[in-house]
Amino acid sequence: MFRKLGFATAWVVVAALFLNVPSVTAQVESGHRSRPRITQAIDDANRAVLAGNLRPEASLANDRGAVPDSFLLEHMLLQLKRSPAQEQVLQLFIDELHTKGSPNFHHWITAQEFGDRFGLAQPDLDAVTAWLQSHGFQVNVVYPSGMLIDFSGTAGQVRRAFQTEIHHLQVRRESHIANMSDPRIPAALAPVVSGVVSLHDFRPHTMHKMRQPRAQFTFPDPSGGNAYAVVPADLAKIYNLNPLFSAGISGQGQTIVLIEDTDVFTASDWSTFRATFGLSGYTSASFMQVHPPVPSSQPSNNCGAPGVVAPNDAEAILDAEWASASAPSAAIEMAACADTTTTFGGLIAVQNLINATTPPPAIMSISYGQCETVNGAAANASYNSAYQQAVTEGVSVFVAAGDSGAAGCDNSVSEATHGIGVNAFASTPNNVAVGGTDFSDTFSGTNANYWNSSNASAFGSALSYIPEIPWNDSCAGALLSSYLGFSPTYGSTSLCNDAFYGSFFMTTVGGGGGPSQCATGTPSASGVVSGTCAGWPKPSWQSVLGNPQDGVRDTPDVSLFAADGLWSHYYIFCWSHTAQGGAACGSDPSAWSGAGGTSFASPIMAGIQALINQKAGGPQGNPAPVYYQLAAAEYGSVGNSSCNSSNGTSTASTCIFYDVTLGDMDVDCAGPNCYLGGGTVGVLSTSNTAFLPAYGTNTGWDFATGIGTVNAANLVNNWSSSSPQPSFTLSASPTSLTILQGASGSTAITVTPQNGFSDSVGLSASGLPGGVTASFSPNSTMSTSTLTLTASSTATIGTVTVTISGTSGSLTNTTTVSLAVNPQGNYALSASPNSLTMVQGASGTSTITVTPQNGFNGIVGLSASGLPSGVTASFNPSSTASTSTLTLTASSTAATGTVTVTVAGTNGNLSNRTTLSLTVSAPPNYTVSASPNSLTILQGASGSTAITVTPQNGFSDSVGLSASGLPGGVTASFSPNSTMSTSTLTLTASSTATIGTVTVTISGTSGSLTNTTTVSLAVNPQGNYALSASPNSLTMVQGASGTSTITITPQNSFNGTVSLSASGLPSGVTASFNPNSTTSTSTLTLTANSTATTGTVTVTITGTSGSLTKATSISLTVRTVPTLPSVWTDGDIGSTGVAGSAGYANDVFTVSGSGAQIYGTADAFHFVYQPLTGDGTMVARLVSVQGGSGDDLFGSADEHGREHGSWGRGEYDVAVLGEGEPEWEHVQQLHFLGRGDLDAAGDESDDQHGAECVRGFGGEQRERFGTGHRDF
């Protein structure tokens, strides 16, 4: 009932469309392209921007400057666009192709027909092509679809034509190129040009996650549980493939094309996988690598063999092996083109397949991806355009939905930073997006219910269908959080925010899904859905319980197991490229490579579709509408609890889809679409302010798993709702033939009717090499015909794929035969030895032998390739019928390492090869070192260092040593001059050697080898010294003396004796040194006689040591002897430094002296005094103080009394007046008790002579005291 309503609605839409656009039938009948839309003259000055053609990495921070104008950009793709009306007509046609009852139902068309109906008008194509050529571009291919142009040129031509520069970028330590701004084209071309698909070399991601191999299939894992690896037998049991295989539905006559940009490491891995896991019994299966060329009518091929591109070759082989696991009888065709400077080789392969003159294989799987915002509007349009064309030709396109949850722009990182995004390769309405699940048995603790503890003969251990959950490795996942005891999944207490566990589970790895949001338009924030972004419109067929009414295409459509081991499950595959992370594929596959990813799910689902096509009798185009039709019937409006995946073994046997309702694919994040909830690590959410996880499961369709997973047998057997037409398949047995020139070979071509087909099929062959003819007996058959391929004696030699076409009315199906045409005679090449090892600068030889086969007697020309840099090859002779000596010569700078050298033999168009392993290593050598590597010597001295010769690579000769770079006056000697180990280098500096620091180079020479080291040499002067005097100023009176200490200060290691002398003495003053010569200090005594000349002079002290003479000076002041009254005496006490003096005139004492304050017990001053016996009185007035300053004014001169004699008590009064004061200012009462003394400062003294005194001290002080009254 529901299905009837759905069809009624669909036809209402179609009817409405017919009212507004030309009918599809009318469009087809016209036989012409659309009307021209380039209506203006092309003016390069009037430009339009092609928005959405810029990578987010093309930023100033990553910019490393423009590439040269000559930088070659090969095979760029210019994506064209239809008018909105033309796009609407195409979409209506696609809908009719997939709608039962439509006159166009399953009436697939060719590439040429597609171009005629839905491509650009020929004048528009011509105008665009002419514009490209006018700017110097080479136009390589104008595809028959009329929607794509392949062209080549230089960066300079791109800059001038598209007004954008190509720059070098450095992104995450990788070098790239990209355009730095959106291209600009003449506005006249804008209606028909979508953009340049790619002007950069960033490549899409593969969709698999490697896991390290384990020792067995069912084994203890590190957490104490068991891990269960998935093999083909498990896949067949879990998803119910075995009933189909038993019924003979295993992919016979079907071809699955896998899109890659690499060749496989070795095709034998595919055979090993099948043999090990019990698939080799399906004998009609085949594996072939193709590099699909452009249509033969085009001037230049753009598909080269990519070679082995690691680690993408892991993706290629796992695609091939697991497509073969679900369709073990199908032909697996790996289509790969080499990446060009700016274009992904996989896209070239897709375009060349769907634009070929023969029908493309009906099933295609793509395991690569890039998110919509990063892929850009032009590239998004290109993939959608290719898929549109593919489905009109009957091709079913399966694409891995992604391996980073809803964070499609953050592939395999610790946290999502770009919000919600989906895989642009999978988000179009014209493909099946395949998501990923995991098994829930480990989470629920029910492993034993679903797995045997041992393996069967094909290593299978699964017992039944296993409950599923979304594949999710992130700490943001609700199941992982609850399993580890955390709740909720957000906030400070969540698993992601846990200080211990959080970092272990921070990842975006999980099955991909989400809404298309930036298929068109341009984001305003780099890599984030924003700006003018818009998703692909929701296709009419995407209508099922659970799918939101969001108006856009939602992914995924279906899902299959894709986990990489978090919950103990992952896939096993054979990838023997050990140098790049693969594993040897021995007889025990438990040590093989393991991985997960939607890149497993996509080719497996493609294989299941091959079973559908086989049973349905032909191509199905886009199968998604039927998937949704079947799911809608199963789920209805409320869901189907009997088909809930969580039921496990009790799930109903009639279910086509298993509805996954437990778990989510939410990942941790920072940035947009991120709910923190109080934590520092957030969870991906459709709201930043509320917890709306992106995304959980629910009844029916959901973003985490789409419709759900499949029961393959029920899906295939219920496909009858699409009412397949009677058809047939072709097969060949054998599928490969080898014939000699002048001979023939045969194969049986079998027509297998399907769905009641009963007509005769006419047979033809194409793709034959020159000189080969084909004949069928009979030409038309309902059963079997014998194809005979006959090669003339001059037939083209080599291997080709011959396509056998069977036609009956409008039905055409094909099969292929691999044909190898060999010459009448052949030969084999061998090398002995097949391994050579040599050192740089040497050579080695190997004998190359030509072994004739089939009567071959020609001369074979020889050549070598794969040589490392610096290695040359020569053959003697260069052509031979028997043997030749190959000499490989390595230069002294040849690249070291091991390579495989290929020796090719050519005879006419017949070529054969052999290989030998060449190892080039460095020759024996040595290093030279010095210890110590720096020396400091004085003029006239020497120093030594040890020079060590360290052998390398077996070096055993003696090394001669020499030194260079010596400064003037320095010589070098080695002991010994030659050595195999160590020599002592002595560097000797003369007394006049150049002073300074230089680098001396030590060279070691042995034969043609020279190595060096360096020694830093510092030459310092012989040594010197400085003289100083302390004090450097003396004052004395006639008849007195003074002393100063003369100090010798060595410099530059000086250790000599210095003789001292004095000059500049005034008359009457003599000098003496004690000692006269010294290495350290000497005391200078200056003595003035009673008639010595008074005044101040500078006395020069001269030191002499050899030729070195130094001087210092002393200021000497000689004064006359002052006169004092007869009762007065003066003198110095303590260490005054400078001798004091005193005089008396006009009733005023003048005291000059120096010393220290008297706060301690060690006085130092000059004083004038008289003895006083008994009672007495002295009144002194301080007239002036010269010298001293500030607070020293009262401290620099005072009056002082001392009492000595018998024990008892004495006391006196002291009054001191400040300068200029007219009256007493301060009175101090002093008492003397016992034997102790006190002065005005409170000091105690044991002096035995009592005295009244006037005292001066400090630096060159003069005190004058006016005596008002004295009584002695």
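The values are calculated or read from the model by the stated rules, or taken from the named source; none is laboratory data. From a predicted model like this one, the values you see are computed outputs, not experimental measurements. Don't worry about glycine lacking a Cβ; one is built from the backbone with ideal geometry, like all the others, and counts go over all protein chains shown.
Of the candidates Thr950, Thr936, the single residue that is among the polar types (S, T, N, Q) and at pLDDT 95 or above is Thr950. From the list Gly597, Gly617, Gly621, Gly582, the one residue that fits, being farther than 30 Å from Thr508 by Cα and within 42 Å of the chain's Cα centre (by Cα), is Gly621.
Looking only at residues of region 937-954 that are touching a residue at least 40 places away in the same chain (Cβ under 8 Å) and either among the polar types (S, T, N, Q) or assigned to a loop (DSSP other than H, G, I, E, B) (or both), we find that the one that is nearest to Thr1013 (Cα to Cα) is Thr945. Filtering region 133-152 to residues that are under 19 Å from Leu72 (Cα atoms) and either assigned by TED's automatic domain parsing to the domain that holds Glu393 or crowded, with 22+ Cβ neighbours inside 10 Å (or both) leaves Val141, Ile149, Asp150, Phe151. Could you tell me which of the residues Ser637, Ser646, Ser559, Ser568 is in contact (Cβ under 8 Å) with a residue 24 or more places away in the chain, of a type in the set (Gly, Ala, Ser) and buried (at least 24 other Cβ atoms within 10 Å of the Cβ)? It is Ser559.
Please specify each residue of region 586-620 satisfying the condition of being under 19 Å from Leu715 (Cβ atoms) and among the hydrophobic types (A, V, I, L, M, F, W, C). Listed by number, the residues that qualify are Phe600, Ala601, Ile604, Met605, Ala606, Ile608, Ala610, Leu611, Ile612, Ala616. The residues of region 831-866 that are buried (at least 18 other Cβ atoms within 10 Å of the Cβ), closer than 27 Å to Asn925 by Cβ and hydrophobic (A, V, I, L, M, F, W, C), listed by number, are Leu836, Met838, Val839. Which of (1) modelled with pLDDT of 95 or more; (2) assigned to a loop (DSSP other than H, G, I, E, B); (3) in contact with a helix residue (DSSP H, G or I) (Cβ under 8 Å, 6 or more places away or on another chain) is the odd one out, the single condition Gln351 does not satisfy? It fails just one condition, (2). Among residues of region 1108-1126 being small (Gly, Ala, Ser) and assigned to a strand (DSSP E or B), the one that is surrounded by the most Cβ atoms within 10 Å (Cβ to Cβ) is Ser1113.
Being of a type in the set (Val, Ile, Thr), within 30 Å of Thr986 (Cβ to Cβ) and in a strand (DSSP E or B) is the requirement here; does Thr914 meet it? No, not satisfied. Of everything in region 1158-1173 that is assigned to a loop (DSSP other than H, G, I, E, B) and modelled with pLDDT of 60 or more, the residue that is farthest from Thr1129 (Cα to Cα) is Ala1162. Applying the criterion of being of a type in the set (Gly, Ala, Ser), modelled with pLDDT of 90 or more and not in a strand (DSSP E or B) to the residues of region 171-228, the residue that is surrounded by the most Cβ atoms within 10 Å (Cβ to Cβ) is Ser198.
A residue that is out of contact with any Gly (no Cβ under 7 Å at 6 or more places or on another chain), exposed (fewer than 14 other Cβ atoms within 10 Å of the Cβ) and under 30 Å from Ser991 (Cα atoms) occurs somewhere in region 1093-1107.
The residue that is farthest from Ser367 (Cα to Cα), among those in region 539-583 that are of a type in the set (D, E, K, R) and touching a Pro at 6+ places or on another chain (Cβ under 6 Å), is Asp550. Applying the set (1) at pLDDT 95 or above; (2) more than 20 Å from Asn302 (Cβ to Cβ) to Gln122 leaves exactly one unmet item: (1). When Pro589, Pro603 are screened for being under 26 Å from Leu244 (Cβ atoms), at pLDDT below 95 and either of a type outside the set (Phe, Trp, Tyr) or buried (at least 23 other Cβ atoms within 10 Å of the Cβ) (or both), only Pro589 passes.
Criterion applied to Gly445, Gly460 was being touching a helix residue (DSSP H, G or I) at 6+ places or on another chain (Cβ under 6 Å), under 21 Å from Ile238 (Cβ atoms) and surrounded by fewer than 24 Cβ atoms within 10 Å (Cβ to Cβ), and the one residue passing it is Gly460.
Strands (runs of 3 or more DSSP E) fully within region 960-1072 that include at least 1 residues being more than 47 Å from the chain's Cα centre (by Cα) and without any contact (Cβ under 8 Å) to a residue 60 or more places away in the chain: 970-975, 982-989, 996-1006, 1024-1030, 1041-1051, 1058-1063. Of the helices (runs of 4 or more DSSP H) lying entirely inside region 419-492, not one is found with 2 or more residues being of a type in the set (Phe, Trp, Tyr) and in contact with a Ser or Thr (Cβ under 7 Å, 6 or more places away or on another chain). Evaluated against (1) in the same structural domain as Ile466 (by TED's automatic domain parsing); (2) surrounded by 24 or more Cβ atoms within 10 Å (Cβ to Cβ), Gly682 falls short on exactly one condition, (1).
Answer yes or no as to whether Pro299 is assigned to a loop (DSSP other than H, G, I, E, B), surrounded by fewer than 24 Cβ atoms within 10 Å (Cβ to Cβ), in contact with an Asp or Glu (Cβ under 8 Å, 6 or more places away or on another chain) and not hydrophobic (A, V, I, L, M, F, W, C). No; evaluated as a whole, the condition is false for this residue. Residue check, Met147 against (1) in contact (Cβ under 8 Å) with a residue 24 or more places away in the chain; (2) more than 18 Å from Ala381 (Cβ to Cβ); (3) among the hydrophobic types (A, V, I, L, M, F, W, C), all met but one. Which one? For Met147, the failing item is (2). Among strands (runs of 3 or more DSSP E) entirely within region 860-911, having at least 3 residues that are under 36 Å from the mean Cα position of the chain (by Cα) singles out 897-907.
Determine whether Val422 is more than 22 Å from the chain's Cα centre (by Cα), more than 23 Å from Ser145 (Cβ to Cβ) and of a type in the set (A, V, I, L, M, F, W, C). Criteria met by Val422.
So, Asn497, is that one over 25 Å from Tyr570 (Cβ atoms) and surrounded by 17 or more Cβ atoms within 10 Å (Cβ to Cβ) or not? So Asn497 fits the description; yes. Might you let me know whether region 753-770 holds any residue that is of a type in the set (Phe, Trp, Tyr), touching a strand residue (DSSP E or B) at 6+ places or on another chain (Cβ under 9 Å) and assigned to a strand (DSSP E or B)? Within region 753-770 (the criterion being of a type in the set (Phe, Trp, Tyr), touching a strand residue (DSSP E or B) at 6+ places or on another chain (Cβ under 9 Å) and assigned to a strand (DSSP E or B)), the answer is no, since none of the residues qualifies. Considering only region 326-335, I want to know if a residue exists there that is in the same structural domain as Ser250 (by TED's automatic domain parsing), on the phi < 0 side of the Ramachandran plot and under 27 Å from the mean Cα position of the chain (by Cα). No, the conditions are met nowhere in region 326-335. Does region 50-59 include one or more residues that are hydrophobic (A, V, I, L, M, F, W, C), more than 30 Å from Gln157 (Cα to Cα), over 25 Å from the mean Cα position of the chain (by Cα) and modelled with pLDDT of 90 or more? No: region 50-59 contains no residue that is hydrophobic (A, V, I, L, M, F, W, C), more than 30 Å from Gln157 (Cα to Cα), over 25 Å from the mean Cα position of the chain (by Cα) and modelled with pLDDT of 90 or more.
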